[in-house]
Amino acid sequence: MPSIKKILHFMSSAWVTAISVGILGYGMSTDWSKTTMECARRGSDFFNGTAELTLELFSGNLERTFCPSFGGSVVFPVIPKLVETGVTPVVLHALALCLLVLCLVFSAASILISLYNSVSNPYETYMGPVGIYACSSLCACLSVVVLILFVVNVNVTNLAEELVNEFATTEVDLKNKSSEMQLGYYLVIPYTVLSLVAIVLIYMYDHAAYTQRREQQRPTEDAPKEIMMY
């Protein structure tokens, strides 16, 4: 039976990881970015229209005002519509989505390993602290990659311009693109931090346990000379 200290550390790690999964799950269901642009009919210098594109991971919303006509609002599935626009935006978006799914999978594995260690004493294998280090580290690293991929896709590629032109009745010119990340994007950050906290909790226990083992296995040269003579 594990010690009380071990149970507390591993249960705390599982609890922290579960919270991070809840945060990421909610983040994946809400807005990730909002992009606004000035709009004009192709060939016109009079930019009197605007287009506002709000993206979630699975759906998007486009609000057009005089772009190029009276415009309107349309809700659309993101990935199928990105497939029609070009290769780079859909690849980056799909890659970010796949990495988020992997984050959830590795978080679930970290929770299971933590719970297993809280009720048993496995050897130092992938079912022990090593497994939690690996899973939680992958969660943190992959989530950081997602942050980079998404912001590059929104700000560097022509994702927003292509989507606006997909819904415009005629070709339009767009300028002064301005993008800002929304709640869903920023919720990945606390997920990353909590994944690292889970690692720290296990490391604190692992380091204390290692120190205790070293103290119990001191070499004979630390013993008094009188004892060594016998």
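Between Phe66 and Leu196, the FRET efficiency from the beta-carbon distance, with R0 = 45 Å, is close to 0.40. Along the axis of the charge dipole computed for region 4-210 (Cβ charges of +1 for Lys and Arg, -1 for Asp and Glu, origin at the Cα centre), the listed residues Ala198, Leu183, Ser59 are led at the positive end by Ala198.
From the Cα gyration tensor of region 4-210, with a ≥ b ≥ c the square roots of its eigenvalues, which class applies: rounded if a/c is under 1.5, or else prolate if a/b is larger than b/c, or else oblate?
Numbers: a/c = 3.77, a/b = 3.51, b/c = 1.08.
Taking the square roots of the gyration eigenvalues as a ≥ b ≥ c, region 4-210 is prolate.
Which part of region 101-116 falls in the paramagnetic zone of Ile19, meaning amide N under 19 Å from the point 7 Å along Cα-to-beta-carbon? 104, 107-115, by backbone N distance to the label point. Summarising the amide proton neighbourhood of Ala40: residues at separation of 5 or more, or on other chains, whose placed amide H is nearer than 5 Å comprise Asp173.
Please work out the FRET efficiency for the pair Asn121 and Phe76, using the Cβ-Cβ distance as r and a Förster radius of 45 Å; give the result to the nearest 0.05.
On the way: r = 53 Å, r/R0 = 1.18.
That gives a FRET efficiency of 0.25.
Place a point 7 Å from Cα of Ile7 in the direction of its Cβ. Which residues in region 98-134 have their backbone N less than 17 Å from it? Only 114-122 pass the distance filter.
Put a dot 7 Å past the Cα of Val144, heading toward its Cβ, do the same for Asn48, and the two dots end up 5.0 nm apart.
Counting charges near Gly72 (Lys, Arg +1; Asp, Glu -1) among other residues having Cβ under 13 Å from its Cβ returns a value of -1.
About its Cα centre, region 70-175 has a charge dipole of approximately 340 debye under the convention of +1 per Lys or Arg Cβ and -1 per Asp or Glu Cβ, with nothing else charged. In this Cβ point-charge picture (+1 for Lys and Arg, -1 for Asp and Glu), region 4-210 has a dipole of about 520 debye about its Cα centre. Distance from the Cα centroid of region 169-191 to that of region 65-115 is 13 Å (rounded to whole angstrom).
Here, each number is a calculation from the coordinates, and none is a lab measurement. All values reported here derive from a predicted model rather than from experimental measurement. As a convention, Cβ positions derive from the backbone with ideal geometry for all residues, glycine included, and neighbour counts pool all protein chains shown.
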